[in-house]
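S.K.: To start, I am sharing the structure in question, which I have written as C-alpha cells.
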Amino acid sequence: DSILWRYGTRRRELEMLVQHTADPQALFDLVRHEPGHVEALLQLHAVARQTGQRERAVEHLERALYSLELGFHPTFAQAWLRGEARLDYDQPANRPFFTALHLHAAGLSQRGCPAAALAAATLLLSLDRSDPTSVLLWLDSLALRAGRPHLLAELERDLPVAASLPGWAFSAALAARLAAAELPAPSDPSSAAAASAAAAS
C-alpha cells in the first residue's frame, strides 16, 4: 500500500509562506517558532549549501529528516526495510521526503561515505520505482564505489530501464570484470579505468 503524509491546516498555511519568501531571515524566524517545518529546513539547507556553510547545511537537512521520521506510521519503517513500502511522488505532501532523502544520499556520497549513500539511495528508489528523483543516473557509480558491483545486475533485472541510462553499460561491464577477477571496486569514479585495465591484464 502507498503511504501519504498528512498535514494540518496550520502547516499548509506556513508552507505557502515558505514558497513565497526569498528572505533567509524570514525562514530562520519561522524555524525558530516551528522547529520541525520541513520545507523551511530544506530551504535553509539550500541557502547554507550555496553560501559554503556545509556543517549548517547538514544540520538543517538532518533536522528535516528527523521531522519527517516523526511522522512515520508504526509499520512504515519495517515495511520499508523489507522493500514493501510505497510512497507516491505525485502526491505533493510526499515530495519533501523524496527531496530530503535524495539530498541526504548525495551528501553522504560527497563526504566519502559511499556505502551509507548507497543504502539511502536504494531505500529511496524502493519507495517509487519510477525513480522520480533520477537516483538511477548515479546509482551505478555509487554501487561500484561502495564495493557492491553485483547490485547493478540486480537492479538491471528488477528495473530493465536502467540498462538504457547513460554510463550504465560501462559500469555493468566493469562490475562484471571486477566480479570475474575478484578485484576491489574503485573507491571513486576516476579509478574506474585503472581497475578495468587491471582486470584486462
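Since every read-out is calculated from the coordinates, none of them should be taken as a lab result. If you're wondering where the values come from, they're calculated on a predicted model, not measured in any experiment. All Cβ positions, even for glycine, are placed from backbone atoms using ideal geometry, and neighbour counts span all protein chains on display.
S.K.: For the peptides 169-177, 57-65, what is the packing order when you average, over each peptide's residues, the other Cβ atoms within 10 Å and list the highest mean first? Kindly include the intermediate steps, with their values, before the conclusion.
M.R.: Values: 169-177: 17.2, 57-65: 20.3.
The packing order, highest mean first, is 57-65, 169-177.
S.K.: Continuing with the same structure: Computed on alpha carbon atoms, what radius of gyration and Dmax characterise the stretch 70-131, expressed in Å?
M.R.: 11.8, 33
S.K.: Let me ask another. Determine, from the Cβ-Cβ distance of ALA153 and GLU84 and an R0 of 22 Å, the FRET efficiency 1/(1 + (r/R0)^6), rounded to the nearest 0.05. List each step's numbers first, then the result.
M.R.: Details: r = 22 Å, r/R0 = 1.00.
Working from the Cβ atoms, E equals 0.50.
S.K.: Spelling out what I want: for every residue of the stretch 25-38, take phi, set θ = phi - 60°, compute 6.51 cos²θ - 1.76 cosθ + 1.60 (Karplus), and round to whole Hz; glycine and proline get x.
M.R.: Values per residue, Gly and Pro as x: 5, 5, 5, 4, 4, 5, 5, 5, 8, 10, x, x, 6, 5 Hz.
S.K.: R0 = 22 Å: FRET efficiency of ASP23 with TYR66, Cβ-based, nearest 0.05? Could you put the intermediate results ahead of the total?
M.R.: Numbers: r = 25 Å, r/R0 = 1.12.
It comes to 0.35.
S.K.: Given the Cα atoms of the stretch 72-173, and with Rh set as the inverse mean 1/r over their pairs in the Kirkwood sense, what is Rg to Rh to two decimals?
M.R.: Details: Rg = 13.4 Å, Rh = 14.0 Å.
We get a ratio of 0.96 for the stretch 72-173.
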